[in-house]
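Chemist: Before I ask anything, let me first share the structure, which is written out below as structure tokens.
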Amino acid sequence: MSRRQFNWNGMRVPYITQWTAETVDQPKIIRIFARGGEGIGYEDEHSVTDRRDEALWVRSGLGQGRGRPDFARISSPRQKRAIRYSLCQVCGKAVLNCRDDERTLHLLGGSTPIAEGETTAAPPLHPLCAVESVENCRFLQRGWAAALVEYSPLWGVAGVVYDPVTLDPLPSPGRRPNDLTHVHIGDELIRWTLANFTAVSLHGVTPVSPEELHAMASEDARRAVTGGQRMGTA
Ligand SMILES: [Zn+2]
């Protein structure tokens, strides 16, 4: 997948933002009886692409940069890739090895501080990219919380849980704005979940204040400049 940067109306489009060309029709959700028991599925389900970790996955196309960016939606394949390889959700480049202590920066919507063990589908990001998000993203303008995190193991999925009796989608009990329901990989509800994203849990959490975030971003910018000069003279 390309990590080219795309701009829209003079603004950088985050790596994980979904583009309109990537929207595909979602098949009808049906009840299925498969090995392991009952759950939701698609009539024309493909075991390789539609199901992972026992959950049914939304279908999505790939066409980053095609159509227009839909800032309210996140690309499922790029979110998964960003979580798996610790890529910045804004620029799509690796965030590991950016700090001597190897902690990663996380930024979540809502002003509640990030809790130890909190689960999230938001990939990490660079301090400079985080400041850019806080300034440009209208969802974050209603409040945000940042933290440095020591480790973030795979925890489960973020998606929509369907009622096992009525097959109606159930409302999310999420603690942050726009949160989908987070379902642990070992939870029996996973079979009734239409997964959009991979979720991780955050451990070794140290909150980062707005002042600290700006200081980290300045340090980031300074390093980028000296790094650039070094490359220029090589
Ligand atoms: Zn970045």
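The values are calculated or read from the model by the stated rules, or taken from the named source; none is laboratory data. Values in this document were obtained by computation on a predicted structure and should not be read as measured data. Note: ideal-geometry Cβ built from the backbone for every residue, glycine included; neighbour counts use all protein chains shown.
Chemist: Could we say that P164 is surrounded by fewer than 16 Cβ atoms within 10 Å (Cβ to Cβ), touching a Ser or Thr at 6+ places or on another chain (Cβ under 9 Å) and outside any strand (DSSP E or B) here? Give the derivation first.
Modeler: Working: surrounded by fewer than 16 Cβ atoms within 10 Å (Cβ to Cβ): yes; touching a Ser or Thr at 6+ places or on another chain (Cβ under 9 Å): no; outside any strand (DSSP E or B): yes.
It is false that P164 is surrounded by fewer than 16 Cβ atoms within 10 Å (Cβ to Cβ), touching a Ser or Thr at 6+ places or on another chain (Cβ under 9 Å) and outside any strand (DSSP E or B).
Chemist: Within region 109-125, work out how many residues are within 16 Å of the ligand (Cβ to nearest atom) and either in contact with a helix residue (DSSP H, G or I) (Cβ under 6 Å, 6 or more places away or on another chain) or closer than 25 Å to S172 by Cα (or both).
Modeler: As a first pass, look at region 109-125 and keep what is within 16 Å of the ligand (Cβ to nearest atom): 122-125.
Retained after the next criterion (residues that are either in contact with a helix residue (DSSP H, G or I) (Cβ under 6 Å, 6 or more places away or on another chain) or closer than 25 Å to S172 by Cα (or both)): 122-124.
Total meeting the criteria: 3.
Chemist: Would you point out the residue of region 8-37, among those that are out of contact with any Pro (no Cβ under 7 Å at 6 or more places or on another chain) and within 15 Å of the ligand (Cβ to nearest atom), that is farthest from S60 (Cα to Cα)?
Modeler: Just the residues of region 8-37 that are out of contact with any Pro (no Cβ under 7 Å at 6 or more places or on another chain), to begin with: 9-12, 14-15, 18, 20-37.
Those left that are additionally within 15 Å of the ligand (Cβ to nearest atom): 11-12, 14-15.
Working: M11: 24, R12: 22, P14: 17, Y15: 15 Å.
Applying the filter and picking the extreme gives M11.
Chemist: Quick one: Q64 ticks every box in (1) more than 16 Å from the ligand (Cβ to nearest atom); (2) over 14 Å from the mean Cα position of the chain (by Cα) bar one, so which box is it?
Modeler: (1)
Chemist: Could you run through region 169-223 and say how many residues are of a type in the set (V, I, T), farther than 26 Å from S76 by Cα and surrounded by 14 or more Cβ atoms within 10 Å (Cβ to Cβ)?
Modeler: Kept after step one, since they are of a type in the set (V, I, T), are these residues of region 169-223: 181, 183, 185, 190, 193, 198, 200, 205-206, 208.
Subsequent filtering for residues that are farther than 26 Å from S76 by Cα retains 206, 208.
Filter again for surrounded by 14 or more Cβ atoms within 10 Å (Cβ to Cβ), leaving 208.
Selection size over region 169-223: 1.
Chemist: May I ask you to say which residue of R99, R103, R81 is within 16 Å of the ligand (Cβ to nearest atom) and within 12 Å of the chain's Cα centre (by Cα)? It would help to see each step written out before you state the result.
Modeler: Working: R99 fails: within 12 Å of the chain's Cα centre (by Cα); R103 fails: within 12 Å of the chain's Cα centre (by Cα).
Unique residue meeting the criteria: R81.
Chemist: Taking P77, is it buried (at least 16 other Cβ atoms within 10 Å of the Cβ), out of contact with any strand residue (DSSP E or B) (no Cβ under 8 Å at 6 or more places or on another chain), outside any strand (DSSP E or B) and touching a residue at least 12 places away in the same chain (Cβ under 8 Å)? Walk me through it before giving the result.
Modeler: Values: buried (at least 16 other Cβ atoms within 10 Å of the Cβ): yes; out of contact with any strand residue (DSSP E or B) (no Cβ under 8 Å at 6 or more places or on another chain): yes; outside any strand (DSSP E or B): yes; touching a residue at least 12 places away in the same chain (Cβ under 8 Å): yes.
When the stated conditions are applied, P77 passes them.
Chemist: Suppose we filter region 140-158 for residues that are over 30 Å from L189 (Cα atoms), away from the ligand (no atom under 16 Å from the Cβ) and not polar (S, T, N, Q); how many remain?
Modeler: Count: 2.
Chemist: Ok, one more. Which members of region 6-49 meet the condition of being in contact with a strand residue (DSSP E or B) (Cβ under 9 Å, 6 or more places away or on another chain), of a type outside the set (D, E, K, R) and assigned to a helix (DSSP H, G or I)?
Modeler: Passing the criteria: T20, T49.
Let's see how each residue does on (1) within 16 Å of the ligand (Cβ to nearest atom); (2) in a loop (DSSP other than H, G, I, E, B); (3) within 14 Å of the chain's Cα centre (by Cα):
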{"position": "V134", "(1), (2), (3)": "yes, no, no"}
{"position": "R138", "(1), (2), (3)": "no, yes, no"}
{"position": "V160", "(1), (2), (3)": "no, no, no"}
{"position": "S172", "(1), (2), (3)": "no, yes, no"}
{"position": "H182", "(1), (2), (3)": "no, no, yes"}
{"position": "T198", "(1), (2), (3)": "no, no, yes"}
{"position": "M216", "(1), (2), (3)": "yes, no, no"}
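Chemist: If we keep just the residues of region 81-111 that are over 24 Å from A224 (Cβ atoms) and either aromatic (F, W, Y) or loosely packed, with under 13 Cβ neighbours inside 10 Å (or both), which is modelled with the highest pLDDT? Even if it seems obvious, please write down each step before you answer.
Modeler: Residues of region 81-111 that are over 24 Å from A224 (Cβ atoms), as a first pass: 83-84, 108-111.
After this cut, where a residue has to be either aromatic (F, W, Y) or loosely packed, with under 13 Cβ neighbours inside 10 Å (or both) as well, the list is 84, 111.
Details: R84: 95, S111: 86.
Here the answer is R84.
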